[in-house]
Amino acid sequence: MSTLEISQVEKKKERKLAIIWAVTFLIVFPLLVILGLYMRLNQGKVVELDYTKFYAFMTMHGLGMAGVLFSVAFAGLWYLISTRITRLSLGVGYFVYFTVLIGFLALAYGTLIGNFAAGWYMLYPLPFKGASWATWSTQVSAVALILMGIAWLVGILHLLYALTKRYGGFFNLLGWQYLRKGDHEKLPSVVLIATVALIPGIFAFLAGAVMLIMYLLQTFEPSLAFNPLLMKNLTFFFGHMLVNVTLYCGVGWVYALMPEFTKREWKVDKVVVYSWNATFFFIVFAYLHHLYMDFAQPRSMQYIGQIFSYMSAVPATAVTMFGIIAQVYHSKMKWSIFPLMSLFGMMGWAIGGFAALVDTTIAINVGLHNTLWVPAHFHTYMLMGVVLFIFGYLFYLFSGEEGIHLKNVTGKAGFWLFVIGAYGFLLMFYLSGINGVPRRFADYQGIEAGHVKETGTQLARYAAMFIYLILLGLLVMYWSLFAKLTRRQKASAW
Amino acid sequence: MSSITILMTLQNLAGVLTLAGAIIVVAVVIFVISSTSKEEDKDAAKHKVYSVRTRYFFGLCLVLIVGLFISLRLLPYPRANAVADETVSIVGVQWFWKMANGERTTGPLEFVGSNEVTVPAKKNLKFVVTSADVNHSFGIYNSKGVLVTQTQAMPQYNNVLYHQFDEPGEYYVVCMEYCGQTHSYMVGKIHVQ
C-alpha cells in the first residue's frame with residue numbers, strides 16, 4: 001500500500017516516535033488496569049478503599065484509559081501514514097507526545113493526589129456541589145484534559161492537512177471521487193478510515209474543550225451556572241465519539257495491514273465509501289442514546305438516538321466485518337499473532353457492539369441503564385476490540401515486517417491467557433447487569449433490594465480473579481514484545 | 001402479565017439475545033479460521049462472501065426495521081393523554097431522597113419529604129422527579145432485586161415517570177447516577193399497599 005518515497009533514516013525516526021508511544025502505553029496500561037482491579041476488589045469487599053479514593057481511582061481509570069487508548073490508536077495511524085502515504089512533521093509528532101504526557105501526568109496528580117473524583121464525565125454540576133476534593137484538583141484535572149485535547153487537535157489537523165495536500169482536496173479523503181465517473185488515483189483504505197475517524201474526533205474535542213472551559217470559568221466565578229441538560233449533551237457527545245473514534249483508528253490499521261497476511265488487496269470501492277461516509281453520520285448522532293433516561297430531553301432526540309444507533313450496525317457489520325471475512329476466507333494464510341489479534345479484535349467489537357445494540361433499545365434500556373451492563377459492553381469492544389488491535393499493531397511494530405510472520409509461541413500463549421481472563425472478567429459484568437447491579441458504586445452494601453448486594457459483591461470477586469489472569473497474560477505478552485524489540489535493536493541499532 | 005414480569009422478560013431477553021449474538025459471532029470466527037486450511041482463488045472466495053453479504057444486508061435491515069417498529073411503541077416516556085390516579089413528588093439531594101405524596105408546591109431545596117413513602121397498588125402513579133443539587137437517578141427495585149423502572153433526577157428539570165405497581169410490597173429506591181462520595185448509600189423505600 002506504500003505510495004511514499006521515504007529514506008531509511010526518516011523511517012527510523014518515525015519508528016522511534018512510534019516506539020516511544022508504544023512503550024509509554026505499555027507502562028501506563030497495566031497501571032490503569034490495576035486501578036480497575038482495586039475497584040473490583042473494593043466492590044467485592046476484599047479491600048477497603050476510602051470512598052473518595054475509590055471514585056478518584058474510577059475517574060483516573062476512565063479518563064486515563066480513554067486518553068491512552070486514543071493516543072496510541074492515533075499514534076499508530078500516524079506511523080502508518082507517515083511511513084507509507086505522506087510525510088508528517090516529527091516536530092508536531094513530538095509536540096503531541098509531550099503535551100499529552102504532561103496532561104496525563106497532571107491528570108494523575110489531580111485525581112490520585114488531589115482526589116478529583118467526579119468520574120470521567122464529571123457530570124455537571126457535580127464538581128461544584130458536595131465535592132469531597134479541593135477546587136484546585138478540579139482545575140488541575142480540567143487543564144490537564146484541555147492540554148491533551150489541544151495536543152490531539154493539533155495532531156489531527158496536521159495529519160488531515162497533509163493528507164488533503166497529498167490527495168488534492170478534502171473530499172477526496174472521504175472517497176467522494178469514487179462516486180463520480182472518470183479516472184482517479186486509488187485511495188488507500190486507511191486514509192478514508194482515518195478521515196472518518198478523525199473529523200468526528202475534531203468535533204468531539206471541540207465540544208469537550210467548550211465544556212471544560214465552562215467548568216474552569218465556574219471554578220473561578222462560582223456565581224456562574226450553566227444548563228445541566230446542555231452540559232450533559234456536550235459531555236456524552238464528546239465521550240461517545242472519543243470511544244468510537246479510537247475504535248475506528250484501530251480498524252484503520254487492520255484494513256491497512258491485514259492484506260500483508262492474506263495477500264489479498266483490501267480496496268476502497270463505492271460500497272466502502274458509502275459505508276464509511278454513513279458511519280461518519282451515524283457516530284455523530286448515536287450519542288443521544290446516553291440520555292434516554294432524561295425524560296425532559298425532547299422526544300425526537302430519543303428517537304434519533306435509537307434509530308441512528310441501530311443503523312450504525314449496518315455499515316459496521318455488512319461492510320467492515322464482511323470485509324475482513326472476505327480477506328480471510330479460504331486465503332490459506334498463516335495465523336501469526338497480528339491476524340489472530342485483528343480477527344479477535346473484530347470479534348470483540350462485534351460482541352460488544354451487539355450488547356450495545358440491545359442496550360440502545362429504549363424499552364430495554366430502562367432496565368439496564370447505569371447498571372453494570374453498560375461497562376460490560378464498552379469494556380468488550382475496548383478491551384477485546386481496541387486493546388487487541390493495539391497489541392496486534394505493537395507486535396507488528398516491534399517484530400518488523402518480516403518478524404511478524406513468525407510463529408511466536410510465547411506471544412500467543414500470552415494472548416490466550418489475556419483473552420480467557422478478559423472474557424471471564426466481562427462475563428461477570430454482563431451477569432451483574434442482568435441482575436440489576438448498578439455501575440459506579442464503591443460497594444453494594446447499601447442496597448437492600450433482593451439479592452443485588454450479594455450478587456454484585458460475589459461477581460466482583462470473581463471478576464477480580466479474572467483480572468489477575470489478564471495481568472498474567474499481559475506479562476507473557478510483554479516478555480515476547482520486549483524480546484522482539486531488543487533483538488531488533490541489536491540488529492538495526494537505531 | 002404485570003409490568004414487572006414484562007421487564008424481567010426484557011432484561012432476560014437482553015441476556016439471551018446477547019448470548020445468541022455472541023455464539024453466532026464466535027461460530028463465524030471459528031468457521032473463517034478453519035476455512036484457511038484450504039486455498040481458493042481470491043475472486044471466487046470474495047464472490048461467495050459477498051453473495052452472503054447481500055442477503056445479510058437485507059436481512060439485517062429488515063430485522064432492524066421490525067425491531068424499531070416494535071420497540072419504539074414500548075417507550076417508558078409519558079403519553080400525551082396519560083392520566084394519573086395520584087402524584088408523588090421526588091427530590092434527590094446528596095445523599096438521600098425527599099419523597100411525598102401530592103404535587104410539590106415549593107422549590108426542590110425547600111421541599112420537605114421523607115426517605116420513605118407509601119403509595120397504593122394498581123393505581124397509575126405520576127412521579128415528578130427532580131434534584132436539589134447534582135444529577136441523581138431515581139431507580140426503583142422490587143423486593144426480588146429486579147430493577148423495575150427509572151428516570152434521571154436532574155436539577156432545573158422535572159422528569160415525569162408514570163408507573164403502576166401491580167404487586168403490593170416493599171420497593172427500594174436506589175440512586176442510579178453517580179452523585180458524589182456516598183452515592184452508593186443514597187437509598188429510599190416505597191411501601192406499596
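The values are calculated or read from the model by the stated rules, or taken from the named source; none is laboratory data. Values in this document were obtained by computation on a predicted structure and should not be read as measured data. We place every Cβ from the backbone using ideal geometry, glycine too, and count neighbours over all the protein chains shown. The area values use the complete protein model at the heavy-atom level, side chains included, leaving out ligands, DNA and RNA. Shrake-Rupley method; radii C 1.70, N 1.55, O 1.52, S 1.80 Å.
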Are there any helices (runs of 4 or more DSSP H) wholly within the range A:292-368 with 2 or more residues that are within 16 Å of A:Phe378 (Cα to Cα) and more than 7 Å from chain B (Cβ to nearest Cβ), and if so which?
A:337-359
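Can you tell me which residue within the range A:257-266, out of those that are assigned to a helix (DSSP H, G or I) and open to solvent by less than 10 Å² (accessible area, probe 1.4 Å), is farthest from A:Val328 (Cα to Cα)?
From the range A:257-266, those assigned to a helix (DSSP H, G or I) are A:257, A:259-262; that's our starting set.
If we keep only those that are open to solvent by less than 10 Å² (accessible area, probe 1.4 Å) too, we end up with A:257, A:262.
On the way: A:Leu257: 13, A:Thr262: 6 Å.
Filtering first and then ranking leaves A:Leu257.
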Is it the case, given these coordinates, that A:Phe395 is open to solvent by less than 20 Å² (accessible area, probe 1.4 Å) and away from chain B (no Cβ under 14 Å)?
yes
Whether any residue in the range B:164-174 is facing chain A (nearest Cβ under 7 Å), assigned to a strand (DSSP E or B) and surrounded by 19 or more Cβ atoms within 10 Å (Cβ to Cβ) is what I want to check.
yes
Members of the range A:204-215 that are open to solvent by less than 30 Å² (accessible area, probe 1.4 Å) and more than 18 Å from A:Val284 (Cα to Cα):
A:Leu212, A:Tyr215
Note: among A:Leu159, A:Leu206, just one is more than 21 Å from A:Phe236 (Cα to Cα) and either among the charged types (D, E, K, R) or in contact (Cβ under 8 Å) with a residue 40 or more places away in the chain (or both), namely A:Leu159
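Has the range B:99-110 got at least one residue that is within 22 Å of the chain's Cα centre (by Cα) and more than 10 Å from chain A (Cβ to nearest Cβ)? Steps first, please.
Keep residues of the range B:99-110 that are within 22 Å of the chain's Cα centre (by Cα), which gives B:99.
Imposing the further condition that a residue be more than 10 Å from chain A (Cβ to nearest Cβ) reduces the set to B:99.
Yes: the range B:99-110 contains one or more residues that are within 22 Å of the chain's Cα centre (by Cα) and more than 10 Å from chain A (Cβ to nearest Cβ).
What residue, of B:Leu19, B:Leu68, is part of a helix (DSSP H, G or I), within 9 Å of chain A (Cβ to nearest Cβ), among the aliphatic types (A, V, I, L, M) and open to solvent by 60 Å² or more (accessible area, probe 1.4 Å)?
From the options B:Leu19, B:Leu68, the qualifying one is B:Leu19.
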Among the residues of the range B:131-157, how many are open to solvent by 10 Å² or more (accessible area, probe 1.4 Å), facing another protein chain (nearest Cβ under 7 Å) and closer than 22 Å to A:Pro228 by Cα?
4
A:Ala376 - would you say it is surrounded by 22 or more Cβ atoms within 10 Å (Cβ to Cβ), of a type outside the set (D, E, K, R) and either over 20 Å from A:Gly433 (Cα atoms) or more than 8 Å from chain B (Cβ to nearest Cβ) (or both)?
yes
Based on this model, can you work out whether B:Ser184 counts as within 8 Å of chain A (Cβ to nearest Cβ), buried (at least 19 other Cβ atoms within 10 Å of the Cβ) and without any contact (Cβ under 8 Å) to a residue 12 or more places away in the chain?
yes
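For the structure I just gave you, tell me whether A:Val72 is under 30 Å from A:Gly36 (Cα atoms), free of Cβ contacts under 8 Å to residues at least 60 places away in the same chain and not acidic (Asp, Glu).
No; evaluated as a whole, the condition is false for this residue.
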So, in the range A:422-466, of the ones that are surrounded by fewer than 17 Cβ atoms within 10 Å (Cβ to Cβ) and within 7 Å of another protein chain (Cβ to nearest Cβ), which residue ends up farthest from A:Ala356 (Cα to Cα)?
A:Glu448
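So that you can scan it fast, the table gives a plain yes or no per residue for (1) crowded, with 18+ Cβ neighbours inside 10 Å; (2) out of contact with any Cys (no Cβ under 9 Å at 6 or more places or on another chain); (3) of a type outside the set (Gly, Ala, Ser):
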{"residue": "A:Phe104", "(1), (2), (3)": "yes, yes, yes"}
{"residue": "A:Gly114", "(1), (2), (3)": "yes, yes, no"}
{"residue": "A:Met148", "(1), (2), (3)": "yes, yes, yes"}
{"residue": "A:Leu157", "(1), (2), (3)": "no, yes, yes"}
Top-ranked residue in the range A:267-279 [being open to solvent by 50 Å² or more (accessible area, probe 1.4 Å) and over 15 Å from A:Thr317 (Cβ atoms); ranked as nearest to the chain's Cα centre (by Cα)]:
A:Lys267
Which residue, of A:Phe425, A:Phe429, A:Phe395, A:Phe391, is under 25 Å from A:Leu471 (Cβ atoms) and touching a Gly at 6+ places or on another chain (Cβ under 8 Å)?
A:Phe395
